[in-house]
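Accompanying notes for the structure given below.
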Amino acid sequence: WNGQTINAVGTYTLRDTSVSLVTNCDSITTLTLLVHPTQTVFLSQAVCQQTLPFIWNGQTINAVGTHTLVDTSASLVTNCDSITTLNLIVNPTKTASVNQTICEQALPFVWNGQSVNTIGTFTLIDTSASLVTNCDSVTTLSLTVQPTITASLNQTICEQTLPFVWNGQTINAVGSFTLVDTSTSLVTGCDSITTLSLTVN
């Protein structure tokens, strides 16, 4: 300004003494110059994947991860350019798959408020907030309920073969007997029930 140069922010008083065009005498002009700084702001924010797309000042984020968004606009305070930097973290939806096998005698099976009461294979899905990210998580449980194996046998023996011993049970008399044995199935690892209908002639 009139041969004077300002290169820094702040408040300056500049004076110019020159000949007045009106009176042809010296004139004194004093300029109070205020140089506003560029306003800078740094923000951090975390959102969940399910809130995507995330839009901020015309910028769109569609992926998980850490993103740096910069916005340059006029400051409402100084009317000069401002720079706002947003550090945005988009947390992913946590997913987990679990396989579990149980026996029929363990029914009813309750998992996160869901109940299973029959044998078979079931897919159970639980959506809840992750303790790590506070965002939705999806846990899928593949549940197999093994049945109780049952078998029925018929056998006839003669009196002279007594005593008859079967799976720890002993028969010493003639007649008809029903013997039941419960043991772990070698196939499923669950209880099995074998019923022997024994006739001693």
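What follows is calculated from the coordinates using simple rules that are stated; it is not laboratory data. Just so it is clear, the model here is predicted, and its values are computed rather than measured. With ideal geometry, Cβ positions are generated from the backbone for all residues, glycine too; neighbour counts draw on all protein chains shown.
Quick look at the values:
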item: Dipole of the chain, positive end: most advanced residue of 187, 35, 62 [Cβ charges, Cα centre]; result: 35
item: Counting DSSP beta bridges with both ends in segment 46-201, the antiparallel % (nearest 5); result: 65
item: Of (i) 26.4; (ii) 17.0; (iii) 18.5, the label for Kirkwood radius over Cα pairs in Å derived from the coordinates; result: (i)
item: Cα extents of segment 144-201 along the three principal axes, largest first (Å); result: 47, 17, 12
item: Percent of beta bridges antiparallel (DSSP, segment 76-138, rounded to nearest 5); result: 75
item: Part-to-part distance (alpha-carbon centres) for segment 1-71 and segment 74-124, which is given in Å; result: 44
item: Dipole of the chain, positive end: most advanced residue of 163, 198, 19 [Cβ charges, Cα centre]; result: 19
item: Cys with no candidate disulfide partner in the chain (beta-carbon separation under 4.7 Å rule); result: 25, 80, 158
item: Considering only segment 1-123, percent of DSSP beta bridges that pair antiparallel, nearest 5; result: 70
item: For the chain, size of Cβ-based charge dipole, Lys and Arg +1, Asp and Glu -1, in debye; result: 220
